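The values are calculated or read from the model by the stated rules, or taken from the named source; none is laboratory data. For clarity, every value in this text was computed on a predicted model and none was experimentally measured. All Cβ positions, glycine included, derive from the backbone under ideal geometry; neighbour counts span all protein chains shown. These accessible areas exclude ligands, DNA and RNA; they are computed on the full protein's heavy atoms, side chains included. Shrake-Rupley method; radii C 1.70, N 1.55, O 1.52, S 1.80 Å.
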Amino acid sequence: GLADKKKQFAVIGLGRFGGSICKELFRMGYQVLAIDINEAKVTEFSQYATHAVIANSADEKALLSLGIRNFEHVVVAIGDDIQTSILTTLVLKELNLPNVWVKAQNAYHHKVLEKIGADRIIHPEHDMGIRIAQHLTSEKIVDYIELSNEYSIVELLATSKVHNKSLIDLNIRAKFGCTILAIKRGEDVNVSPMPEEVIIEKDLLIVIGHKNDLKRFEDEGL
Ligand code: ADP
């Protein structure tokens, strides 16, 4: 919504990962502060951010002078320099910033980030690998979000098997234990559809549930 667009994001580290986050947030119309220690990076990103500044993110004073306290969301996307990533995260959590998401390089890095209070730890290659494997093995799965080891949200393509059937007819929650959060038809998104809603072939169903239940629905229900 409109109120959301007032949310302010800071992205620290403008490599491939941080850079694409920054560009995408900015493209979506959010306020983004882009921070990097490398002048060339900052120059490159000045057109893809609300502000792009040169700073060493491990330096608390430098971050404070950028008004980092005002940022509800901060992404730490410092790649190879694990020590700097940890120091930066520590500074941000000591400042009590509520949402600090950090890219982790390996299991040790992850463990330390967890201890110092990183709010979300991301392993881009690992997470993307899982997602691609899901895509590779299913023609029906269009997109996939892992919520935990057990639960996920999938975007499934409605087949002819469910064509012209209502949610009541299909009774997905009772039969498979999963819930349809939304139905996408072209550009239209129907969020929390009514039980009478009729599905047509090629609709995209956004479904939440236990992975086993989702798999069962995908295999037997579609
Ligand atoms: P990726 O694997 O996502 O491409 P990189 O390691 O290439 O990640 O990019 C990390 C970015 O973080 C680089 O642009 C680098 O200049 C920046 N960076 C490294 N140390 C600091 C720091 N102390 N403060 C701010 N930015 C930093």
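Got at least one residue in the range 66-79 being open to solvent by less than 80 Å² (accessible area, probe 1.4 Å), more than 19 Å from HIS51 (Cα to Cα) and either within 16 Å of the ligand (Cβ to nearest atom) or assigned to a helix (DSSP H, G or I) (or both)? Looking for residues that are open to solvent by less than 80 Å² (accessible area, probe 1.4 Å), more than 19 Å from HIS51 (Cα to Cα) and either within 16 Å of the ligand (Cβ to nearest atom) or assigned to a helix (DSSP H, G or I) (or both), one finds at least one in the range 66-79, hence yes. Among the residues examined, ALA55 qualifies as among the aliphatic types (A, V, I, L, M), at pLDDT 95 or above and open to solvent by less than 40 Å² (accessible area, probe 1.4 Å). Could you list, in sequence order, all residues of the range 71-127 that are among the aliphatic types (A, V, I, L, M) and at pLDDT below 95? Within the range 71-127, ALA107 is the sole residue that qualifies. Test each condition in (1) small (Gly, Ala, Ser); (2) in a helix (DSSP H, G or I); (3) touching a helix residue (DSSP H, G or I) at 6+ places or on another chain (Cβ under 9 Å); (4) more than 13 Å from the ligand (Cβ to nearest atom) for SER46 and report the one that comes out false. Failed condition: (3).
Among the residues making up the range 80-108, those that are surrounded by 11 or more Cβ atoms within 10 Å (Cβ to Cβ), within 15 Å of the ligand (Cβ to nearest atom) and of a type outside the set (S, T, N, Q) are ASP81, ILE82, ILE86, LEU87, LEU90, VAL91, LEU92, VAL100, TRP101, VAL102, LYS103, ALA104. If the requirement is being under 21 Å from ARG16 (Cα atoms) and either more than 15 Å from the chain's Cα centre (by Cα) or open to solvent by 70 Å² or more (accessible area, probe 1.4 Å) (or both), which of these qualifies: LEU147, LEU113, LEU136? After applying the criteria, what remains is LEU113.
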